[in-house]
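The values are calculated or read from the model by the stated rules, or taken from the named source; none is laboratory data. Keep in mind that this is a model prediction, so the values were computed, not measured. Methodologically, a virtual Cβ is constructed for each residue, glycine included, from the backbone with ideal geometry; neighbour enumeration extends over all protein chains shown.
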C-alpha cells in the first residue's frame, strides 16, 4: 500500500479494461439468424451479448460460474439480534441448508461463503466510523481474492443482517437522501448527520459508513473488472459497493448487472447508476439466492447460442 490506503484501488480504476464490442455484435447477429427460425429470443439476447462482451467470446461459454456470499458483523441498530441472525445464516449455508446452497446445486454453480470477522463488529455509524481507511482497504483486498479460481461469471451477495442501514447511508451520502422515504431512513440520517463533514470522497464514505461486506464486495467488483469477468450484484450491500465505485468512476460498473430488482430507494439508486436487473424474484430468500437465480438465467442465455441451430 502507498501512503493513502486507497491509492492502489484508484490506480486500478484508471486502468480498467473495456469490453469486446465485436463479440457482442456477433452474438446479436447470430440472434437475428436464430430468431428468423425460432422466434424472438427476448431478454436472452441482451444477457448473452453482455456476457460475450466481457468474456470476449461468441458464443459465450459459462463453465465456472461462482457465487460469493460475504458475512460480517456490525453494531448499528439491534446489534445482538442482527449478528445472531447473520451467524445462523452462515451456519445454515456451511451445512448446506440455505436457499443459496439449493440453487447453486440445482444450477451447477460454485458457492463460496466468506467470513469477514463475524466476532468483530464494525462501529455503530450513528456515533463513530465503521472502519478506518486501512482496515477498509485491507477488506477490499480480501474481497479481491474472491475472484481467484478462474470463474467466468460471478455473483456477489451477503448474509449481513443490518447491512441495509449502512447501504442506505452510503447511497444517501453519494446519490442523495431523497431516494428513501422518511420512515425507513432514520438511522441512516443520524449516521449522515454525524459523518457529513468527514466524508470527502466515495471511498472515504465507504470507510466511515460501510461494513466489511460492502468493502469486500467493492474490492471483488473491481478485481472482476480487471479480469473482465461479468458480475451479478445481489442486494443492498452489493448495490452500495457498486455506488462507491461508480462515485469514483462512472465507468466502473459496465461489467455488472443487478441480479434482481430492489424495492424502494434501492431500486431508484440502481437506476441512477445504470444497473439493470436480470429479474424480479426471490425477495424473501437469504443472501446470494438472487445472484444464483440470475446466474442460471445468464447460463441459459449462453447455452441457447451453443445448442440452437
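Among the residues of region 250-278, those identified as over 15 Å from the mean Cα position of the chain (by Cα) and surrounded by fewer than 16 Cβ atoms within 10 Å (Cβ to Cβ) are 250, 251, 263, 264, 272. What's the total number of residues in region 126-158 that are at pLDDT below 95 and under 17 Å from the mean Cα position of the chain (by Cα)? Looking only at that region, the number is 4.
Going residue by residue through region 194-203, is there one that turns out to be closer than 20 Å to residue 121 by Cβ and out of contact with any helix residue (DSSP H, G or I) (no Cβ under 8 Å at 6 or more places or on another chain)? There is at least one residue in region 194-203 that is closer than 20 Å to residue 121 by Cβ and out of contact with any helix residue (DSSP H, G or I) (no Cβ under 8 Å at 6 or more places or on another chain). Say we look at region 108-156 and pick out the residues that are farther than 22 Å from residue 287 by Cα and touching a helix residue (DSSP H, G or I) at 6+ places or on another chain (Cβ under 6 Å); which of these is surrounded by the fewest Cβ atoms within 10 Å (Cβ to Cβ)? Residue satisfying both the conditions and the ranking: 133.
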